[in-house]
Amino acid sequence: MKHTIVIYLMIIMFASSCRQQGEKVWTLDTPDGSPVRTVSIDTMNMRNPFISLDWDNLTYYMTGDGGFLWKSKNLREWQGPFNALMLDETQWMGAAPQITAPEIHRYKKKYYYVGTFTRPDVVIGTNGTTAIPRRSCQLLQSDNLQGPYKPIETQKKPLLAPEEASRCATFTYDEYGVGYIIYSHDWVQDGVGTTQIIRLSEDCAKQVGDPYIMFDADEKGWSDDNESPSPIMDGPFIFDTEEGSLGIMFATEIDGEEALCVAYSKEGCGLNGPWTVEKEPLLTGGYGQATIFKDFDGTLVLVLHKKNVINGEVRYVPQLLELDNQYKRLKIKGKYNY
């Protein structure tokens, strides 16, 4: 009984301390205060899904375009949506930016939310008559997987150059524990999309050195036999095979539909490459950019969206596919068994 009273008093003191400092005790709330919904993954409409694992609570968390969180115990039924970010007008992206292709990564006992933030009201250039909005990739940080994710305290300026239109970043680190982000330089700005990489400082608050191009949409590969190869290159994601190959997936368009392609680094060269784009795409026919995770049983899973048109309405439904990476090349086994 005494222990219960002590714990209760500690909770009261913590809440009181937060109120005195003007801080809000973070809870998972829906965006508009509406009741939490439970939906099947097959009925969701979400572009660019990404799934993280909470091993302490054996819970999956999924995010995607819009930036909200959903949680699940079985990968089939999902509860949400929940707020995950804490932004305000003091940051370059403002309090309510458009958020696309977010990912959540654990690194050095912190969680990092990497996403594309767009300010339609800020124009950085034009492509013909088309305005190019302020669109850039940014890292946010939290002590907990469910948030809140805020700008890194030591960060003094945006991570990438403000005049560069970028999108769809992913986070990775090398064998020495050095962090990097890999992102797409927007094809709308330069005419040809490129996949670029930058090294991060130890606190992930700034870039070290200049970004360099890993490869671009004109590289030989899936476009060899295409008279009008797509300039689109989106959504890079790094993976390893059990045979030691380092690969990177990215999205493009083939015959006007989204497709998923893969490039591999020369053996033993790691992130530095050189990279060779595979001639054959991994998936075609409306499958968008993809990421990979292992479920709680150790099954390797590809997660991505599939474009569907139902009664004239376009919907992007999250898809889970089981993978086989025991060879030097990634292979798809088939649909994931829940």
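Here are the numbers for the structure shown:
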read-out	value
Residue exposure sequence - Glu322, Glu103 - by fewest surrounding Cβ within 10 Å	Glu322, Glu103
Angle in degrees between helix 2-20 and the longest Cα principal axis of the chain, rounded to the nearest 10	70 degrees
Burial order of peptide ranges 88-95, 74-81, 132-139, 29-36 (average beta-carbon count within 10 Å, highest first)	132-139, 74-81, 88-95, 29-36
Segment Asp29-Glu313, length gained on full extension (0.36 nm per residue, minus Cα span)	99.3 nm
Order of Arg106, Arg167, Arg315 - criterion: other Cβ atoms within 10 Å of each residue's Cβ, fewest first	Arg106, Arg315, Arg167
Dipole magnitude (debye, nearest 20) for the chain, charges at Cβ of Lys, Arg, Asp, Glu	1260 debye
Which of Leu246, Val192, Gln79, positive extreme of dipole for region 38-335 (C-beta unit charges)	Gln79
Modelled FRET efficiency - R0 35 Å, Asp190 with Lys279, Cβ distances, 0.05 increments	0.90
At R0 = 25 Å, FRET efficiency that the Cβ-Cβ distance of Asn57 and Lys150 yields, to 0.05	0.65
Full-stretch length increase - Asp143, Asp210 - with 0.36 nm per residue and alpha-carbon distance subtracted	21.3 nm
Derived scalar couplings ³J(HN,Hα) [region 185-201; Karplus, 6.51 cos²θ - 1.76 cosθ + 1.60; whole Hz; x for Gly, Pro]	7, 4, 4, 4, 7, 10, x, 9, x, 10, 9, 10, 9, 9, 7, 9, 5
Amide H contacts of Met233 (H built 1.01 Å from N, under 5 Å, at least 5 apart or other chain)	Trp187, Gly193
Calculated FRET value between Val36 and Thr129, using beta carbons and R₀ = 51 Å, to 0.05	0.70
GNM flexibility winner over the chain from Ile182, Ile41, Ile51 (Cα, springs under 10 Å)	Ile41
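Each reported figure results from applying straightforward, stated rules to the coordinates on display, with no laboratory input. The structure displayed is predicted, hence computed values, not measured ones. Cβ sites come from the backbone with ideal geometry, for glycine too, and all protein chains shown count toward neighbours.
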